[in-house]
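Student: Please read through the structure below; I'll follow up with questions.
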Amino acid sequence: MFKLENDQTKEHRILIFSKASNVTWANSMYEVFADGSFAVAVVPPPFVQVYALLTRRGKWIFPIAYCLLTGKTRGIYEKMFQMIITEWPDFNPTLMSLDFDQPIIDAVKTIFPNIRLNGCLFHLFRNIRKRLAEEDLIQ
């Protein structure tokens, strides 16, 4: 699948890359892992991040979509999930693990109101360490 959303402005352009065959098992993608990459990602302008979605299938974790986004607002994340659901109507995860970024949390709760969310401990500890350093409590 290659999907493009373009509202004629650079602020809301979205590109989604995925395998077309993922639609055949979208109804069994119950547990999804989501993460955006900002500093490490080398993306062409006007995009600022790569957002990856992965899911468990059996004992393995598979990437199911890579999304190029022009921002990290609730509206952009909601549109990203709406675009995925348009292609995979049976995509309705019951559990999602993600970072503690409020816009993605709000978007997920809006699009999937019955979902259970898990925060990622790696991101929690990284944010705590960053805050402690900002307060000069650690080096």
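Student: Would a scan of segment 103-120 turn up a residue that is more than 16 Å from the chain's Cα centre (by Cα), assigned to a helix (DSSP H, G or I) and either surrounded by fewer than 18 Cβ atoms within 10 Å (Cβ to Cβ) or not charged (D, E, K, R) (or both)?
Tutor: No, that holds for no residue.
Student: Moving on to the next point. Report yes if some residue within segment 123-137 is surrounded by fewer than 16 Cβ atoms within 10 Å (Cβ to Cβ), of a type outside the set (S, T, N, Q), assigned to a helix (DSSP H, G or I) and at pLDDT 90 or above; otherwise report no.
Tutor: Scanning segment 123-137, I find no residue that is surrounded by fewer than 16 Cβ atoms within 10 Å (Cβ to Cβ), of a type outside the set (S, T, N, Q), assigned to a helix (DSSP H, G or I) and at pLDDT 90 or above, so the answer is no.
Student: I'd like to verify a number: residues in segment 1-60 that are part of a strand (DSSP E or B), modelled with pLDDT of 80 or more and surrounded by 12 or more Cβ atoms within 10 Å (Cβ to Cβ), how many?
Tutor: 20
Student: All but one of (1) in a helix (DSSP H, G or I); (2) of a type outside the set (Ser, Thr, Tyr); (3) touching a strand residue (DSSP E or B) at 6+ places or on another chain (Cβ under 6 Å); (4) over 22 Å from Lys19 (Cα atoms) hold for Met80; which doesn't?
Tutor: (4)
Student: Then there is this: Determine which single condition Met83 fails, assuming it passes every other condition in (1) in contact (Cβ under 8 Å) with a residue 40 or more places away in the chain; (2) buried (at least 17 other Cβ atoms within 10 Å of the Cβ); (3) in contact with a Leu (Cβ under 8 Å, 6 or more places away or on another chain); (4) hydrophobic (A, V, I, L, M, F, W, C).
Tutor: Status for Met83: all satisfied but (3).
Student: Confirm whether Pro89 is without any contact (Cβ under 8 Å) to a residue 60 or more places away in the chain and in a loop (DSSP other than H, G, I, E, B).
Tutor: no
The values are calculated or read from the model by the stated rules, or taken from the named source; none is laboratory data. Values in this document were obtained by computation on a predicted structure and should not be read as measured data. Every residue, glycine as well, gets a Cβ built from its backbone with ideal geometry; the counts of neighbours run over all protein chains shown.
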